[in-house]
Amino acid sequence: MTDHPEARIGVVVRTKDRPFFVARALASVAGQSFGNWHVMLVNDGGDLAQLQAEIMPPSGPIIPPERLTVLDLQPGQGRSAAFNRGAEALGTEFVTCLDDDDTWHPEFMAALLAFYTQTATTVPDLGGVGAKVTALREEIVEGARGRSLKIIGEEGLPAAFARTEFFLNPLAYACYRQDIYPVQWMLRRVAVLDCGGFPEHFDVMEDRAFMNAFLARWRVALLDRQLAFHHRRINRAKDTARNPLLNTLDNPSYDWRLFSDLARPGFSHAAQSKEAALLRSVAADLLVELNYETSAIWQKVDGEMRKLNQRLTTAITDLQAAPAPQPLPERHPKAAAPFVRPDPGPHVYDIWSVWRDGPQAHYIIPGQPFAQRLQISCAAGQSGLMLYASADAGQLVCQIPDTQDWAALEISVAGLVPAGSGLRARVQCDSAEGYLFETALVARAADGKGHTATSFEIHACDSGIGCLVTREIGADWLAQAIEPKLSIIFPRQTRNFRFICRNLVLEPLFQG
């Protein structure tokens, strides 16, 4: 065991010939707000020189050398053994499992440690804690400057990841009704080792087999915060050769049926003891009761469907017998404001000069920049945010499922003009229904905690006409603001809101 007395949380990163991903995973560890950690990077039979070159570039190591141990297994022992050797080599109180292609939110460690400390006072058998996870779709892009990763958007997860219980339920987990990935949990290292770690004869589903054994002895509490990110390549499902760059959790080349069944909690069908006979009797009674309950629900649903079908049939018959309705008089809608590109001039930002490609449509990740300086800011937990942009049509559309108490399109205005100069922003909006909205100047608070918003203005986007918003941003505010932004604040508590921007220009405003 390696002694790391200053470290409280150990991070096992298991990898094999994927240094391209490792650098990103280690960067997410280096960015943690909690500082007492140590990384055990387990090279499971991969090219060690290639790995070291990636994590220790000429610009400097991603992880400080005193916080990183590279455990080189030659030959490789498999993914399960790689985690076990890493956990055994650590001397920390807690252990985490960060796969080489996954990442964490900067508050992952701090939030989970605080959550464990608070919960452990009333839960003596607490073995660990976990956070919620976001699945991200990404693609590998080969460019002139080399290989890079492009986040496409969020990917839906089964309902098993969205349950709201405080604890991970052993029965629900065993039945795939509740789920958790290794990237989500932080467990007591001694408890992990006492349970035998990951079963080393598994080459997939090893985390499920382990967690089933762990939950038989310990509780795992779940923090209701999205702090873990599970990354998936968009073309992974077609990979049958186990390409190191594509290989991920649902690669079709593994024997999923075998290891899925092996991962379930064991039961000896040959046992003849009184306890085994009693267990079989209880299970039979439960199944009978479940069958009765299911049958009753089905009969009720079937009866309701029959009634609904009869009502629909009657309504259709009545409509067919009714006289044809008279056409409504034609209405002439207001003429929409035409899209006008800005005149050539000293623009420091023009969205259609930045976004010149053809029509694009993809999901939006809150806080993730697009078109260089734009990003969506909204309440936590949002999913299904979508974007469409077409330079030819002069149209940028953002769709927000629920604006809740805060949702805004934020435009970074940092570093665009020299000291002593201000900015003028011109934003042309469009709308089919009309709405009121706000704009404000937003900056990070001086203490680094949160943001401050000033200079609120209210605007009206008329139905079918739209509006042109002009905001002047003073040089004095720009000079003192940290991470200055212009925020276009969408109507609050609005479902399926669509913000349509026809043009967005920033130009210098010289002040004497």
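Values in this text are rule-based calculations from the coordinates and carry no lab data. Note that the structure is a prediction, hence the values are computed from the model and not measured. Reconstructed Cβ throughout: ideal geometry from the backbone, glycine too, with neighbour counts over all protein chains shown.
Straight-distance candidates among the aspartates and glutamates for linking to Lys274, with alpha-carbon spacing under 17 Å and chain neighbours fewer than 8 residues away dropped: Asp285. Estimated at 0.36 nm per residue, the fully extended path between His347 and Leu193 surpasses their Cα-Cα distance by 49.3 nm. Loop-located trypsin sites (Lys or Arg not before Pro) in the range 82-146 (DSSP state not H, G, I, E or B) with no more than 12 neighbouring Cβ atoms inside 10 Å: Arg145. From least to most packed, judged by other beta carbons within 10 angstrom and beginning with the fewest, Lys16, Lys449 follow the order Lys449, Lys16. In a reduced charge model with +1 at each Lys and Arg Cβ and -1 at each Asp and Glu Cβ, the range 424-506 shows a dipole moment near 220 debye about its Cα centre. When Trp477, Trp298, Trp185, Trp406 are arranged by Cβ crowding within 10 Å, least crowded first, meaning fewest neighbours, the order is Trp298, Trp406, Trp477, Trp185. The label-point distance for Thr294 and Cys467, in a model that sets each label 7 Å from Cα toward Cβ, rounds to 5.6 nm. Dipole magnitude for the range 349-510: about 160 debye, using +1 per Lys or Arg Cβ and -1 per Asp or Glu Cβ, origin at the Cα centre. Between Gln480 and Phe510, the distance separating the two model label sites (each 7 Å from Cα on the Cα→Cβ line) works out to 2.6 nm. Averaged over residues, the count of other Cβ atoms within 10 Å places the peptides 169-179, 95-105 in the sequence 95-105, 169-179, highest first. Working value for the range 9-263: equivalent-ellipsoid semi-axes of 27, 21, 19 Å, each the square root of 5 times a Cα gyration tensor eigenvalue, largest first.
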